[in-house]
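Working notes for the structure below.
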Amino acid sequence: MIPFNEIKTVFLDMDGTILDKYYDDYFWGNYVPQKYAEKEQISIKEAQKILFSMYKAEEGTLNWTDIDFWSRKTGLNIFQLKQEVAYLINPHPDAEDFLRNVSSNGKKVYLVTNAHNKVMELKLKKTGFDKYFHDVFTSFDMGYPKEKLEFWKRLKEKIFFEPEYSIFVDDTEEILHTAKLSGIKLPILRAVSSSRSIPKKSEEFLTIMNFQEIIDL
């Protein structure tokens, strides 16, 4: 375990880690199906069945979070719909205190996300969190989602960091596993991704309910 004072670089996921994932869950699970049902003149239940099948087919690929892809696939303006429910974008209650702490302690802080660049910019503008990051890297910048080792290889080409003195917090175990394979010393699972979800548990990774647990390392 790396003591907090020895950590030099902090990598943070966005959705579910520093931001409440309820916005995304509601958007893809309810709002898009509602709009798709209206367009296709079908029931919301039918729309959900069709869309959930489409979503499933793209898991782990760049298309998964590519709003331009989903606009073409559904015939809806996905970014416009994202903006319509942007009032639901909220940070986790402990996120800003943690960001303020690590950014003021001489540590390098980077956002690494699978989110589309337009969506990432919308969320950072809404929360004002952009000021805490030294840089931001999306899967679209890298050409690979975070689930792929190539993402982390390209990250190492873009910035200098020491993996043995780095932590990475994400709410998805598959992504943490890939980060660990790339050499990240301490991948950490965010137990609660949505304010309406049940806490996750991991047998492989250190799991936190609150960012303060990292500071207390």
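Being open to solvent by 70 Å² or more (accessible area, probe 1.4 Å), of a type outside the set (D, E, K, R) and out of contact with any Pro (no Cβ under 7 Å at 6 or more places or on another chain) narrows it down to one of Y132, Y144, so name that one. Quick ask: steps written out before the conclusion?
Working: Y132 fails: open to solvent by 70 Å² or more (accessible area, probe 1.4 Å).
Unique residue meeting the criteria: Y144.
For segment 150-191, the set of residues classified as under 27 Å from D25 (Cα atoms) and among the polar types (S, T, N, Q) consists of T172, T178, listed by residue number. Of the residues that make up segment 77-97, is at least one among the charged types (D, E, K, R), touching a strand residue (DSSP E or B) at 6+ places or on another chain (Cβ under 7 Å), open to solvent by 20 Å² or more (accessible area, probe 1.4 Å) and within 30 Å of L217 (Cα to Cα)? No, the conditions are met nowhere in segment 77-97. Mind listing whichever residues of segment 185-205 are open to solvent by 60 Å² or more (accessible area, probe 1.4 Å) and more than 16 Å from the chain's Cα centre (by Cα)? Matches in segment 185-205: K185, R196, I198, P199, K201, E203, E204.
Annotation note: of E150, E157, the sole residue that is over 18 Å from the mean Cα position of the chain (by Cα) and open to solvent by 30 Å² or more (accessible area, probe 1.4 Å) is E157. Can you tell me which residue is farthest from E84 (Cα to Cα) among those in segment 32-54 that are crowded, with 17+ Cβ neighbours inside 10 Å and of a type outside the set (A, V, I, L, M)? By that ranking, first place goes to Q48. Just one of the numbered conditions (1) farther than 22 Å from I214 by Cβ; (2) at pLDDT 95 or above; (3) not aromatic (F, W, Y) is not true of E59: (2). Does segment 83-96 contain any residue that is assigned to a helix (DSSP H, G or I), closer than 30 Å to E164 by Cβ, of a type in the set (A, V, I, L, M) and modelled with pLDDT of 95 or more? Yes, because at least one residue in segment 83-96 is assigned to a helix (DSSP H, G or I), closer than 30 Å to E164 by Cβ, of a type in the set (A, V, I, L, M) and modelled with pLDDT of 95 or more. Of the residues contained in segment 198-210, one or more are found to be in a loop (DSSP other than H, G, I, E, B), of a type in the set (D, E), without any contact (Cβ under 8 Å) to a residue 60 or more places away in the chain and farther than 19 Å from L99 by Cβ. Among residues of segment 99-112 that are within 16 Å of D15 (Cβ to Cβ), none has a Cβ under 8 angstrom from a residue that is polar (S, T, N, Q) and open to solvent by 70 Å² or more (accessible area, probe 1.4 Å) at a sequence gap of 6+ or on a separate chain. Which numbered condition trips up T61, out of (1) open to solvent by less than 50 Å² (accessible area, probe 1.4 Å); (2) closer than 26 Å to K148 by Cβ? All conditions pass for T61, except number (1).
Got at least one residue in segment 98-106 being out of contact with any Leu (no Cβ under 6 Å at 6 or more places or on another chain), charged (D, E, K, R), within 23 Å of S194 (Cα to Cα) and open to solvent by less than 50 Å² (accessible area, probe 1.4 Å)? Steps first, please.
Filtering segment 98-106 down to residues out of contact with any Leu (no Cβ under 6 Å at 6 or more places or on another chain) leaves 98-106.
Filter once more, keeping what is charged (D, E, K, R): 100.
In the following step, the residues that additionally are within 23 Å of S194 (Cα to Cα) were identified as 100.
Now drop any that are not open to solvent by less than 50 Å² (accessible area, probe 1.4 Å), which leaves none.
No, segment 98-106 contains no residue that is out of contact with any Leu (no Cβ under 6 Å at 6 or more places or on another chain), charged (D, E, K, R), within 23 Å of S194 (Cα to Cα) and open to solvent by less than 50 Å² (accessible area, probe 1.4 Å).
The values are calculated or read from the model by the stated rules, or taken from the named source; none is laboratory data. Being a predicted model, the structure only gives us computed values, none of them experimental. For neighbour counting, all protein chains shown are included, and Cβ atoms are generated from backbone atoms with ideal geometry for every residue, glycine included. Protein only, heavy atoms only, side chains kept; ligands, DNA and RNA dropped before computing areas. Shrake-Rupley method; radii C 1.70, N 1.55, O 1.52, S 1.80 Å.
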